[in-house]
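Asks: Just passing along the structure, written as structure tokens.
The values are calculated or read from the model by the stated rules, or taken from the named source; none is laboratory data. Model, not experiment: these values are computed from the prediction. Cβ placement follows ideal geometry from the backbone for every residue including glycine, while neighbour counts extend to all protein chains displayed. Accessible surface areas use protein heavy atoms only, side chains included; no ligands, DNA or RNA. Shrake-Rupley method; radii C 1.70, N 1.55, O 1.52, S 1.80 Å.
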Amino acid sequence: MAFAFLAIVAATATAANAQQNKIEGGWLFNVTVPPGTPGPASFLALDSFATGGGWSGHASTDSATNWSPAYGTWKWDNTRIVITQYQFSQDSTGVPTGLVIIHKQVHFAGPDTLAGSSSVSFCDLNGQNCFSPPANALVVATRIKASGPATP
């Protein structure tokens, strides 16, 4: 009986460890922009990581900057996760004017917390002739946890 109990405890601990350091799901990012970079000093972003490497996201500044939703990929790279995202910059009528490419690298600072940095490049529509600010932004994220509605 004691052996069965220990096996259940070990299986539960293994399942909990398997959930820890899993990037899949939704995350709320706080992005702190380097001093001297145009735009707000910080903003929020929502990132979604899918099993297999799919990524999508939207920043709180995208409407003000007239940027499209963002799509990209993610992968594990040793002890960190690297993300590449693409989105269009657009004119006031919604016509694409350029490609914004963002590279992020994050690591788990806790089971539900990420920390790292990101760089941005402003490119032509072919992803060429890019300009990047000289410093990286700092990013910190918390996992969005699923929960049902409150019961009365």
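Asks: Counting trypsin sites (Lys or Arg not before Pro) as exposed when in a DSSP loop with at most 16 other beta carbons within 10 Å, what is the longest stretch of the chain free of them? Intermediate values should be presented prior to the final figure.
Replies: Numbers: sites that count: K22, K145.
Longest gap between qualifying sites, sites excluded: 23-144.
Asks: Obtain the nm distance between the two label points defined at T51 and N78 by a simple spin-label model: each point lies 7 Å from its Cα along the Cα-to-C-beta direction.
Replies: About 2.9 nm, to one decimal.
Asks: List the aspartates and glutamates whose Cα lies under 17 Å from the Cα of K75, skipping any in the same chain that are fewer than 8 positions away.
Replies: Those aspartates and glutamates meeting the cut-off are E24, D47.
Asks: Something else now. Let me know the charge dipole size of the chain about its Cα centre in debye, to the nearest 20, where only the beta-carbon of Lys, Arg (+1) and Asp, Glu (-1) is charged. Before the final figure, lay out each step's value.
Replies: Details: 6 positive and 7 negative charges, 78 e Å.
The calculation lands at about 380 debye.
Asks: A further question on this structure: Take the solvent-accessible surface of the protein heavy atoms, probe 1.4 Å, and return the percent of it on the chain that carbon and sulfur atoms account for. Walk me through the numbers before you get to the answer.
Replies: On the way: 5850 of 9360 Å².
Ligands and nucleic acids excluded, carbon and sulfur reach 63 percent.
Asks: Would you mind computing Rg(Cα) / (2.2 N^0.38 Å) for the chain, counting N as its residues? Could you put the intermediate results ahead of the total?
Replies: Numbers: Rg = 19.0 Å, N = 152, 2.2 N^0.38 = 14.8 Å.
Computed over Cα atoms of the chain, the ratio equals 1.28.
Asks: Still on this structure, please answer the following. Rank S92, S56, S118 by mean-square fluctuation in a GNM of the chain with C-alpha springs under 10 angstrom and give only the top-ranked residue.
Replies: Looking only at S92, S56, S118, the largest GNM fluctuation is found for S92.
Asks: What relative contact order, as a whole-number percentage, does segment 58-152 give when Cα pairs under 8 Å and 6 or more residues apart are counted?
Replies: On the way: 180 pairs, mean separation 17.5, N = 95.
That works out to 18 percent.
Asks: Also, quick follow-up: Taking a probe of 1.4 Å, how large is the accessible area per residue of the chain, in Å²?
Replies: With the other protein chains kept in place, the chain gives 62 Å² per residue.
Asks: With the cut-off at 1.5 for a/c, could you classify segment 72-152 from its C-alpha gyration tensor as rounded, prolate or oblate? Please report the intermediate quantities before stating the final value.
Replies: Details: a/c = 2.79, a/b = 1.49, b/c = 1.86.
Oblate.
Asks: Whole angstrom only: what separates the Cα centroid of segment 43-58 from the Cα centroid of segment 59-103?
Replies: 10
Asks: How large is log10 I(q)/I(0) at q = 0.17, 0.34 Å⁻¹ when the Debye formula is applied to the Cα atoms of segment 32-71, each weighted equally and without solvent?
Replies: -0.54, -1.12
Asks: Under a Cβ-Cβ cut-off of 13 Å, what is the net charge of the residues other than S68 that fall near it, where Lys and Arg count +1 and Asp and Glu count -1?
Replies: Values: positive: none; negative: D62, D91.
Summing Lys and Arg as +1 and Asp and Glu as -1 gives -2.
Asks: Using just the helices of the chain, give the 222 nm mean residue ellipticity in deg cm²/dmol: DSSP H runs with n ≥ 4 each add -39,500 (n - 2.57), and the total is spread over all residues, rounded to 500.
Replies: Helix-only estimate at 222 nm: -4500 deg cm²/dmol.
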